[in-house]
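Read through the structure below, which is laid out as C-alpha cells, and then see the notes.
The values are calculated or read from the model by the stated rules, or taken from the named source; none is laboratory data. It should be emphasised that the depicted structure is a prediction, and the values quoted were computed from it without experimental measurement. Neighbour counts are summed over all protein chains in view; Cβ atoms, including those assigned to glycine, are modelled from backbone coordinates with ideal geometry.
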Amino acid sequence: MNHDPLPSPTRRRLLQAGAALSLAAPVGRLLAAPAAEGTRLLVVFLRGAYDCCNVLVPTASDFYYQSRPSIAIPRPGQPNGAVALDADWGLHPVLAPTLLPLFQKGQAAFIPFAGTDDLTRSHFETQDGIELGQALSGRRDYGSGFLNRLAQVLGAGPLHEVAPIAFTDQLPLSMRGAARVGNMALGNAGGRGMDARQTADIAAMYGQSPLKGSVAEGFALQDEVRRSIQAEMDQASRNAISAKGFELVARRMARLMRERFDLGFVDVGGWDTHVNQGGSSGYLANRLQELGSGLAGFTEELGEEAWRDTVVVVISEFGRTFRENGNKGTDHGHGTVYWVLGGGLAASAGGHVVGKQQALTAQTLFQNRDWPVLNEYRALLGGLFQRMYGLSAAQVASVFPGVAPLDLRLV
C-alpha cells in the first residue's frame with residue numbers, strides 16, 4: 001500500500017481549506033438533514049464524454065457488433081472478450097483486475113441509460129448543466145451547484161458538520177454556492193501527443209517524385225484537421241487531471257477523505273475519443289485501465305471500515321454514438337452509464353446492472369444514433385442522496401428543485 005506523504009504546500013492548502021470550511025455558517029435549520037456522521041460521498045466526473053458502450057458492453061446485442069466493426073469488445077469467451085456480468089451485459093476486459101472484484105463482492109453497480117435530457121451535445125453546456133443540477137428551462141444560476149446545495153442541507157443541522165472538498169485546480173460549478181468549500185489539486189500527469197513517424201515514412205517514399213508536393217500538402221491538411229480535433233478533445237477535459245497517474249491522486253484523496261473530508265469531487269479528463277478509440281486495447285482501454293487502478297486504489301487506501309460508509313459515483317456529461325465513425329472513434333451522443341461503488345451497497349443493487357433498461361437495437365436508439373436517457377440523473381442522484389442521508393422530500397427538493405427522486409435502492 002502506497003503511503004506517499006503529502007508535500008508541505010499541500011498541507012498548507014489543506015489547513016487553509018479546513019479553516020475556510022470551519023467558517024461555514026449553518027443554513028436554514030428547518031432543512032437540517034439527520035446526522036450522517038461517517039458517511040462519505042465522492043463524485044468522479046469523466047470530462048469529455050466517455051464511451052460507455054465499450055465499458056458496460058451490450059454483449060446480447062447483435063446490432064452492437066454490426067455497428068462497431070473495428071472497435072467492438074468481443075463477446076465473453078472470445079479472445080480479449082468482455083467479462084460477463086449477466087446474460088445481457090459484459091465488462092471491458094481491462095477492468096477485470098480492478099472493478100470486477102468490487103462488482104463480484106456486491107460493492108459496484110452500473111446504471112445504463114443514465115444522463116440528462118439536455119440535447120445540445122455540447123461538452124461545456126452539458127457539463128455546466130449537470131454540475132448545476134437545475135431545470136433545463138429557465139435561467140441558470142451559475143452560483144449554485146448541486147453538491148454545494150447538498151452540503152448546505154447536510155451542514156444545516158446541529159448534529160453534523162459537513163466538510164466538502166474539490167480535488168481540482170479551480171472550484172467546480174457543482175461546488176459553488178453558499179456553503180464554504182475548499183479546493184486543491186493533488187497532481188496532474190501530462191496528456192498524449194500525436195506520433196508522426198508513419199507520416200514521415202510515407203512522405204520519404206515519394207522522394208523526388210512529382211507527387212511529393214501533393215503528398216506533403218495532403219499530410220499538412222490532415223495534420224491541421226487532427227490538431228483541430230485534438231484541440232476540441234483537450235478543451236472538453238477543462239483542465240481535469242489525466243487518468244494517467246490517477247491512482248496516486250486517488251490514494252491521496254482517500255487518505256484525506258478518511259481523516260478530514262466527507263463530500264468530495266474530482267474530474268478526470270481525456271475521454272473525447274473521436275479518433276482511433278481502440279477496442280479491447282488502445283487509447284480508451286489504456287484510460288480505463290488507469291481509471292480502474294485509481295478507483296481500486298481509493299478503496300484500498302480508504303480501508304475496509306471507512307469503505308463501508310463511502311459511496312463513489314462516476315458520471316460523465318453524455319455518452320457517445322452507438323455506431324463507430326469513419327475515424328474508428330465515436331462522436332458526441334446522449335445517454336451514458338453511471339457507476340456507483342461502495343462498501344455498503346444494498347444487496348439488490350451491488351453486483352447488478354440496475355435502473356430502467358431496454359434492448360439496444362436500431363429501433364430503440366435515440367434519434368437513430370445514441371443511447372436513450374431512461375434514468376434522469378437528478379432523479380437518480382436525488383434518490384441516492386435520500387437513502388444515504390435520510391433526506392426528506394423537502395430536503396431533496398432543495399438539492400434538485402422540482403425533481404421526483406428515483407429510488408433504485410442503491411444503499
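Data for the structure
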{"item": "Within the stretch 377-405, tally of residues that are touching a helix residue (DSSP H, G or I) at 6+ places or on another chain (Cβ under 9 Å), free of Cβ contacts under 8 Å to residues at least 40 places away in the same chain and under 23 Å from residue 110 (Cα atoms)", "result": "7"}
{"item": "Residue within the stretch 371-384 that is among the basic types (Lys, Arg), surrounded by fewer than 23 Cβ atoms within 10 Å (Cβ to Cβ) and either under 29 Å from residue 53 (Cα atoms) or touching a His at 6+ places or on another chain (Cβ under 7 Å) (or both) present", "result": "no"}
{"item": "Residue in the stretch 266-285 that is of a type in the set (Gly, Ala, Ser), closer than 30 Å to residue 59 by Cβ, in a helix (DSSP H, G or I) and modelled with pLDDT of 95 or more present", "result": "yes"}
{"item": "Flag if residue 123 is crowded, with 21+ Cβ neighbours inside 10 Å, modelled with pLDDT under 95 and either of a type in the set (A, V, I, L, M) or on the phi < 0 side of the Ramachandran plot (or both)", "result": "yes"}
{"item": "Odd one out for residue 161, checked against (1) in contact with a Pro (Cβ under 6 Å, 6 or more places away or on another chain); (2) assigned to a loop (DSSP other than H, G, I, E, B)", "result": "(1)"}
{"item": "Close pairs from the stretch 137-154: first part of a loop (DSSP other than H, G, I, E, B), partner among the charged types (D, E, K, R), Cβ under 9 Å, at least 6 apart", "result": "140/128; 142/128; 142/176; 143/176; 144/176; 145/131; 145/176"}
{"item": "Some residue of the stretch 364-375 being without any contact (Cβ under 8 Å) to a residue 24 or more places away in the chain and β-branched (Val, Ile, Thr)", "result": "yes"}
{"item": "Residues located in the stretch 50-76, provided they are assigned to a helix (DSSP H, G or I) and crowded, with 23+ Cβ neighbours inside 10 Å", "result": "52, 53, 54"}
{"item": "Residue within the stretch 30-48 that is under 23 Å from the mean Cα position of the chain (by Cα), at pLDDT 50 or above and over 18 Å from residue 147 (Cβ atoms) present", "result": "yes"}
{"item": "Some residue of the stretch 319-338 being within 30 Å of residue 259 (Cβ to Cβ) and under 19 Å from the mean Cα position of the chain (by Cα)", "result": "yes"}
{"item": "Flag for residue 79 being touching a Phe, Trp or Tyr at 6+ places or on another chain (Cβ under 9 Å), surrounded by fewer than 18 Cβ atoms within 10 Å (Cβ to Cβ) and either touching a residue at least 24 places away in the same chain (Cβ under 8 Å) or of a type outside the set (Phe, Trp, Tyr) (or both)", "result": "no"}
{"item": "Criterion: farther than 22 Å from residue 45 by Cα, outside any strand (DSSP E or B) and small (Gly, Ala, Ser) - qualifying residue of 349, 296, 362", "result": "362"}
{"item": "Residues of the stretch 131-151 satisfying the condition of being buried (at least 24 other Cβ atoms within 10 Å of the Cβ) and closer than 19 Å to residue 117 by Cα", "result": "131, 133, 145, 146"}
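Let's see how each residue does on (1) at pLDDT 95 or above; (2) touching a Ser or Thr at 6+ places or on another chain (Cβ under 8 Å); (3) farther than 24 Å from residue 266 by Cβ:
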position: 308; (1), (2), (3): yes, no, no
position: 319; (1), (2), (3): yes, yes, no
position: 351; (1), (2), (3): yes, no, yes
position: 385; (1), (2), (3): yes, no, no
position: 395; (1), (2), (3): yes, no, yes
position: 409; (1), (2), (3): yes, yes, yes
